[in-house]
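The values are calculated or read from the model by the stated rules, or taken from the named source; none is laboratory data. Here the structure is a predicted model, which is why all the values come from computation and not from measurement. Cβ placement follows ideal geometry from the backbone for every residue including glycine, while neighbour counts extend to all protein chains displayed.
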Amino acid sequence: MLKEVIELQNNAVNNLISIIDNKDEITFKAPTGSGKTYMIADFMNRILTENSDIIFLVSTLSKGNLAQQNYDKFISYSETGQFLHLKPYLINSEISGEEALYIPTDCNVYVLPRDLYKKGSRLMKGCMEQFLNTITLNKWFNGLEKEIYLIKDECHVATNKLDDLSENFFKKIINFSATPKLSRGQTPDIEITNEEAINAKLIKRVEFGNDEDTIEDAINKFELIKEKYRNKLGINPCLIIQISNKNKSDEELNNKIFPVLSKAEHQDLKWMLIVDNDKDCDTNDYFKAKKLPVSKWRDYAKGNTIDIIIFKMVISEGWDIPRACMLYQIRETQSEQLDEQVMGRVRRNPRLLDFENLDDESRELALTSWIWGNQPTDGKKVRNVKLYEESTDITNNIKIKTTKLKPLSQRKEFDIDTFIISQKNEPAYNDIFSIYKKFVRTDNEIQKMCYDYADDYQKWWNFNNHIDKIITENNNYIYNYEESMEIRKDDKGNDYLTSFPEKSSYVDNGNYENISDWVWKRNDGADKFSFDSETEREWADFLKEISNKENANKNSIIKKVITGNNNPNKDSISLFGEKDKINPKEKFLWGKNFITNSDIKYEYYLNGIHASYPDFIMKDDFDRIHIFEVKSVNPSSSVNIDSESYKIKIEELKKCYKQSSVLTNYYFYLPVLKGDIWYITQFKNGEEYTITKEQFIKQLKAK
C-alpha cells in the first residue's frame, strides 16, 4: 500500500477523532473509491478502544447490497486482526420467525439496511425502539452506561424514520458520503478532496469525452484501450453504459447500443445488461443460462470476464468494480449528486496494493478514467490539460527538487531505547486502558515508531508509559526544519527531480484568464484557464504580463523554449492511439501547479505531516527557479483570515519555505494581496525579505 494512501486515510480519521468530543453531528466527505468503509471501520475501532460502552448503528443503503458489503468488510477487518474491537452484526429480516424480529445486544457494530426500517416493516413495529431502549436502559438495570453513535453511510439519501429517533437515542451522528446533502445541513467538517485522493493514487483522474461522441466512439476507444490494459495491468477493463430508466431505455438499447455491439469488429466483446427485474437481464456470455436474481448478475459482472456492463440505476451506489475504467451516460439526469455517484464506479485504482511495482505507462493507465456524461451545470466542470508537445522540451528544462520531513526515528543521534532509559520521572499512566487511549490518538509516525521498537509487551509498556515525552521530543525535532528537513531522494539516493506532470486537470471555478504561451494547453484547445480565486488569477495575470518583458540584454525575463523544435514533423500518439501533429511553438517556462498528478510539493508539520503544493512554478532567463504560494487577506476571501488556525498555517508555511530555500537554492514567495497592493514575502537562501512587484521584476532582470 502506498505511503500517501496510508497517511491520507489516517490523517482523516485522526481529524475525525479530534472533533468527536466537541460536536454532536459531524459530516465526513470523501470521494467514491477513497476507502470510506475502511475509514469508518478504523474510526469505530479507535473509539471502541477508548470506550467499550459505545454502540455503533451503521445505516446503509439496501441498493447494491451495500449493507451486506459493509458487514462483510467489518467482519474481515475484525477476523484478520486489523480492527480487533469490532463485533459486527447485520440486521436482517430473514433470520427470525414471523412474529418478531430479534436483535441481539452483545455486539457493538450493528449494520442496518436502510430499507428495512420503513413504514410497515417488521423492524418498525416496535422492534428497533425496543432494541435501542434495551441498549440505553442497561445503565439503570446493570449499571452499564451505553451510548449509541449513528453512522449514516451515503448520508445524502434521506433516513427520515431513523432521524425521528435521534433525539431520544443517538449521542452522536456521523455522516459519510462522497456527496453530502448541503440542504440538510451536511456541511463537511472533514474532507478528503478529489485532488488529495488523486495525488495519493487512491482514485483515477477523469478525461471527459467530447459532447458529440456517440456510443460507437466510446466502444471504439474501449477496444483501443483494452489490449493495453490486459498487457500492462493484467486486468480485463470494463466499459459501463448507463441508460434511461423508463420508456427511453428500449429505444436506447435497440437503436443505439445493440446495433454497434452486433458489428463484426466487436464480436469479441462480452456484454451484460443489468436492470431491476432479473427476467429482463441479458448477456451474450454463457452466464445467460443461469436463472439468478439481479444481485447475482451484479456479482458476476464484477469478475474479469464481462467487457461492457449496461445498467439503469441498480448499481449507482455501493458497487465496487475497480477494473471499470470507462463510463458512457446516455441517460440525462438532473442530479449532480447522482452523476457523481455513478462516475465513482469507474474511478477506483485497480492496482492500488502494488502500484509501486508498475512502470510509468502502466501507472498512467491505472490512474485514468474516461467519461462521457453530464458534467456539473454550475460552471465547475473538470478541465483536462496537458503540457505542450513535446512535453520533454518543458520537463527537461524545468526540473524541481522537493523537500520532505524526517521522523524522529531517522534522527542519527536518536535511539529510542536510550531515550526511554534516560527518563527519570515517574510514569504518567498506571493502567493499560489509559495508555492505549493516549496511544491511538497519536499521529502515524509515533505509532510506527512504537511498533518498530516494541517486539515484546514490556517494551510496548515502556514506550507508552513515556509517550508524552516521546511526542514532545518528536515535535521539537520535526518543528526544527533545519534538522528534520531534507531533499527528497530517489531509490538510488540521488536528489529526486520532478517537473510539471504531462497531464493534469482542474475544477473550473471561474476567475478566468486567457493564456496561450505558458506550459499548459487545454485538451479542448481553448486558452481560457480557471483559477481557484480572484487573487490567484491576478497573480497569474501578473506573471503573464512579465513573460513578454525584456531585460537590458534584450532577453526575456522568463525563460522560454521552442516545443517540438527537434521533431517538427513527428506525430504524437495519445493513450487512445490518436495522432496529433506536433508544431513548434514558443512557450514560457511558467505554469500553475495543478495538483492533479503533481509531485511538486514541500512537507511541513502541523499536528501531523502535510504537503504544500505551491500555486505557481517559474524559471527565469538565468535558469533560477521561482516558487509562489498566493494568499489574500482581503475580507472577500473565502478563507477566514482572522482565524487562529489560518495564521498558524501561514507561519508554518513560512518556516517550510525558508528552509526549503536553503536546501534547494530556489526562490520561494508568499505574495499576499491586501486591498489593491501586493506584499511579497521572499525567501532566498534562508533569508526573509519583503519586496514589491517592482522590486521583484528588477531582481529577475539582474544576473
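Annotations
- Conditions (1) under 22 Å from I400 (Cβ atoms); (2) in contact with a Lys or Arg (Cβ under 6 Å, 6 or more places away or on another chain); (3) at pLDDT below 80; (4) not hydrophobic (A, V, I, L, M, F, W, C): number failed by S505: (3)
- Top-ranked residue of segment 648-659 - restricted to ones that are within 26 Å of the chain's Cα centre (by Cα) and touching a residue at least 40 places away in the same chain (Cβ under 8 Å), ranked as farthest from M485 (Cα to Cα): I648
- Residues of segment 364-404 that are modelled with pLDDT under 85 and of a type in the set (K, R): K380, K381, R383.
- Among the residues of segment 439-471, those identified as of a type in the set (S, T, N, Q), under 15 Å from I609 (Cα atoms) and part of a helix (DSSP H, G or I) are N444, Q447.
- Residues that are crowded, with 18+ Cβ neighbours inside 10 Å and closer than 24 Å to I203 by Cα within segment 510-528 comprise W520, K521, listed in sequence order.
- Check on I330, modelled with pLDDT of 85 or more and not charged (D, E, K, R): no
- Yes/no for K226 being touching a His at 6+ places or on another chain (Cβ under 7 Å) and surrounded by fewer than 22 Cβ atoms within 10 Å (Cβ to Cβ): no
- Considering segment 553-567, the residues that are assigned to a strand (DSSP E or B) and in contact with a Leu (Cβ under 7 Å, 6 or more places away or on another chain) include one that is modelled with the highest pLDDT, namely I558.
- Options I306, I240; residue that is touching a residue at least 12 places away in the same chain (Cβ under 8 Å), part of a loop (DSSP other than H, G, I, E, B), buried (at least 18 other Cβ atoms within 10 Å of the Cβ) and not aromatic (F, W, Y): I306
- Hey, T49 on the phi < 0 side of the Ramachandran plot, in a helix (DSSP H, G or I), among the polar types (S, T, N, Q) and at pLDDT 85 or above or not: yes
- Residues that are buried (at least 18 other Cβ atoms within 10 Å of the Cβ) and modelled with pLDDT under 95 number at least 1 in the following strands (runs of 3 or more DSSP E) confined to segment 590-685: 602-605, 609-612, 667-674, 677-684.
- Filter result for E482 (among the acidic types (D, E) and surrounded by fewer than 17 Cβ atoms within 10 Å (Cβ to Cβ)): yes
- Residue list for segment 166-198, restricted to those being assigned to a helix (DSSP H, G or I) and surrounded by fewer than 22 Cβ atoms within 10 Å (Cβ to Cβ): S166, E167, N168, F169, L182, S183, R184, E195, E196
- All conditions but one from (1) farther than 30 Å from S52 by Cβ; (2) at pLDDT 80 or above apply to K424; the one that does not is (2).
- Just one of the listed residues (L57, L84) is surrounded by fewer than 19 Cβ atoms within 10 Å (Cβ to Cβ), under 30 Å from G33 (Cβ atoms) and modelled with pLDDT of 85 or more, and it is L84.
- Meets criteria (in the same structural domain as H156 (by TED's automatic domain parsing), more than 18 Å from S177 (Cβ to Cβ) and of a type in the set (A, V, I, L, M)) for L48: yes
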